[in-house]
1. How many residues does the stretch A:1-25 contain that are more than 20 Å from residue B:125 (Cα to Cα) and at pLDDT 95 or above?
2. Restricting attention to the stretch B:116-146, which residues are facing chain A (nearest Cβ under 7 Å), closer than 19 Å to residue B:105 by Cα and part of a strand (DSSP E or B)?
3. Going by what's in this entry, would residue B:93 be described as more than 10 Å from chain A (Cβ to nearest Cβ), at negative phi, modelled with pLDDT under 90 and surrounded by fewer than 23 Cβ atoms within 10 Å (Cβ to Cβ)?
4. Residue check, residue A:79 against (1) part of a strand (DSSP E or B); (2) touching a residue at least 60 places away in the same chain (Cβ under 8 Å); (3) more than 8 Å from chain B (Cβ to nearest Cβ), all met but one. Which one?
5. Exactly one of (1) away from chain B (no Cβ under 12 Å); (2) closer than 21 Å to residue B:122 by Cα; (3) free of Cβ contacts under 8 Å to residues at least 24 places away in the same chain; (4) part of a strand (DSSP E or B) is unmet by residue A:91. Its number?
6. Applying the selection to the stretch B:105-120, what residues are under 24 Å from residue A:19 (Cα atoms) and touching a residue at least 12 places away in the same chain (Cβ under 8 Å)?
7. Kindly provide the set of residues from the stretch A:50-76 that are more than 8 Å from chain B (Cβ to nearest Cβ), in a strand (DSSP E or B) and under 15 Å from residue A:99 (Cα atoms), ordered by number.
8. Mind checking whether some residue in the stretch B:147-162 is touching a helix residue (DSSP H, G or I) at 6+ places or on another chain (Cβ under 6 Å) and within 14 Å of chain A (Cβ to nearest Cβ)?
């Protein structure tokens, strides 16, 4: 902590496909986290449920997540084809309605 | 008031319960991937067994085949010291993949995540998940052209994740 942390996205053109890498900053709390000093749960569930990816406005992928997704979720996947200048957008929504958007242009 | 009435009530309740359970199973089985795509499938994420997850998430599909899916777990692959963040990579040569699910049988809720793919997405997929302490089976299931494909990997985790 202490450092400014924010969602990050990279889109890299490869031979015949575009590689997308996304890192989202989120606690992904299942509500089963415990304080070492007590047996009471210290958190209530707070986790991203839905992540979607668009290329130039067309939806490519949706990921449904449960609380067993690791803290600060990381994903990498490949889009077929693609060219320099494509707009990649990723949007997430969590179980309490918070959301975020990250966008990048393929270079 | 009298025992017969109570027992009747019980029977009615029982019937109602089993009927609603059946209805749930039927509707989940009939749900097309298109319908599920619109919202978070809570019945699949709260299910407590691998079978229930697959029924809720994958609907009716032909028999599961144990081929066609490859995956890599953790670095190094066999011993996982930190169950809070385990790298999983899934690859497959299958065409027309509609859905990829990652499950851990001993997590409180086995379903970890579900990818819904369009034709524009290619493997491999890579992500990080939580796995509880001890020995578990990590399961990757792919639905492609109405068929299910599954791969299982045994993992042993020293410090468990709060899955």
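1. From the stretch A:1-25, those more than 20 Å from residue B:125 (Cα to Cα) are A:1-6; that's our starting set.
From what's left, at pLDDT 95 or above: none.
Of the residues in the stretch A:1-25, 0 are more than 20 Å from residue B:125 (Cα to Cα) and at pLDDT 95 or above.
2. Once the filter is applied, which keeps residues that are facing chain A (nearest Cβ under 7 Å), closer than 19 Å to residue B:105 by Cα and part of a strand (DSSP E or B), the stretch B:116-146 yields B:127, B:128, B:129.
3. yes
4. Condition (3) is where residue A:79 drops out.
5. Just one mismatch for residue A:91, condition (3).
6. Taking the stretch B:105-120 as the starting set, the residues that turn out to be under 24 Å from residue A:19 (Cα atoms) are B:112-120.
Matches in the stretch B:105-120: B:112, B:113, B:114, B:115, B:116, B:117, B:119.
7. If the condition is that a residue be more than 8 Å from chain B (Cβ to nearest Cβ), in a strand (DSSP E or B) and under 15 Å from residue A:99 (Cα atoms), then A:51, A:52, A:53 are the ones that fit.
8. No, there is no match, as no residue in the stretch B:147-162 is touching a helix residue (DSSP H, G or I) at 6+ places or on another chain (Cβ under 6 Å) and within 14 Å of chain A (Cβ to nearest Cβ).
The values are calculated or read from the model by the stated rules, or taken from the named source; none is laboratory data. Please read these numbers as outputs of a predicted model, since none were measured by experiment. Methodologically, a virtual Cβ is constructed for each residue, glycine included, from the backbone with ideal geometry; neighbour enumeration extends over all protein chains shown.
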